[in-house]
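Data first, discussion second: the structure below is written as structure tokens.
Please treat every number below as a calculation from the coordinates, not as lab data. What you see is a predicted model; the values in this text were computed from it and never measured. For neighbour counting, all protein chains shown are included, and Cβ atoms are generated from backbone atoms with ideal geometry for every residue, glycine included.
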Amino acid sequence: MTHKRQITLKDGTVLPAIGQGTWNMGDDSSRRQEEIDALKYGVELGMTVIDTAEMYGEGRSELLVGEAIQGIRDQVFLVSKVYPHNAGGDSLIRSCEQSLNRLGTDVLDLYLLHWRGRIPLEDTIQGMEKLVQDGKIRRWGVSNLDTKEMQELIKLPNGDHCATNQVLYHLGSRGIEVDLLPWQQEQGMPVMAYSPLAQAGSLRSELTTDATVQQIAEQHGVHPFQVLLSWCIRDGNVLAIPKASSRSHVESNAQAAELMLSEDEINQLNQAFPAPDHKVSLDMI
């Protein structure tokens, strides 16, 4: 199955618009094999971007991903993230090396600052650039930075090398559309959307049980989740990384990349869950 929708990084790298997130994966040893199989299956279906972090299960997620990508590393675009308190100097180098070790690889395709902490951004950039020079990472980016912070970042030496900003984005959380998303589009910097189906809980059920979402899903003969994912990647500037820890979820996510919503359907969804008309602070989980 080929993925119709893709995003392009500033350096020309083309990636599928739907990848695989791994938050909370690797935490339950009884599900380990199922989760590994799900990730492998996702790669087979074209969802070759796999996103993890040293924070997830304090390395357990990276170990799981490392096992899943054995023998297929060259097919995978591998992303991990560093804790803010490790994001400078020797700590950054050490964190990266530990992640590489857990993942069983010698290079990350993308390494992200997980959120902003006390270490100055220039120190993080300097360290990231050194990791690129040393061949430990191919490119770097950030996560959970709002517009002002992004503008500050790219003015710093080599700050414009930032490949992406990974933020929370889904139909029920559209604050980034006010200024962050348009600004990143101007920079040719795609957004990575985490929790594109909202976290489990009341908001997620509010989205999936919404009459408009359900009606559009029925018209296409798909699950409401697939409508939410298709909406998220509708404009070609967003790479969504839903978590899928079972084969059926993986298949559902992969099929969402094939689902093309009409302009009318997108308008209906926008009316049901309108974006804010003013700047709001960045949503984070």
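Quick rundown of the values:
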| quantity | calculated |
| --- | --- |
| Segment 76-235 - Rg over Rh from alpha carbon coordinates, Kirkwood radius | 1.04 |
| P(r) tail fraction, segment 57-158 - alpha-carbon pairs more than 23 Å apart, % | 23 percent |
| J(HN,Hα) series, segment 101-114, from Karplus relation 6.51 cos²θ - 1.76 cosθ + 1.60, nearest Hz, glycine and proline x | 4, 5, 7, x, 9, 9, 8, 9, 6, 8, 10, 10, 6, 5 |
| Helical contribution to [θ] at 222 nm, DSSP H n ≥ 4, -39,500 (n - 2.57), averaged over the chain, rounded to 500 | -11500 deg cm²/dmol |
| The chain - share of DSSP beta bridges that are antiparallel (%, nearest 5) | 15 percent |
| Debye equation applied to the C-alpha atoms of the chain, log10 I(q)/I(0) at 0.13 Å⁻¹ | -0.85 |
| For Q20, distant residues with modelled amide H under 5 Å away | V49, I50, D51 |
| Under the Debye formula (equal points on every Cα, no solvent term), log10 I(q)/I(0) of segment 177-232 at q = 0.15 Å⁻¹ | -0.54 |
| Within segment 134-231, trypsin sites (Lys or Arg not before Pro) in DSSP loop having at most 15 other beta-carbon neighbours inside 10 Å | none |
| Per principal axis, descending, Cα span of segment 173-285 in whole Å | 35, 28, 27 |
| Whether segment 1-134 is rounded, prolate or oblate, judged on the alpha carbon gyration tensor where a/c under 1.5 counts as rounded | oblate |
| Cα-Cα over 18 Å, subset of K10/K148; K40/K243; K4/K243; K81/K130; K81/K155 | K10/K148; K4/K243; K81/K155 |
| GNM top mover of G221, G26, G46 - the chain, alpha-carbon springs below 10 Å | G221 |
| In sequence order, calculated HN-Hα J values of segment 190-198 (Karplus, 6.51, -1.76, 1.60; Hz; x Gly/Pro) | x, 9, 9, 9, 8, 6, x, 9, 6 |
| Part-to-part distance (alpha-carbon centres) for segment 202-267 and segment 143-166, which is given in Å | 29 Å |
| Phi to ³J(HN,Hα) by Karplus 6.51 cos²θ - 1.76 cosθ + 1.60 over segment 63-73, Hz, x for Gly, Pro | 4, 5, 4, x, 5, 5, 9, 4, x, 10, 3 |
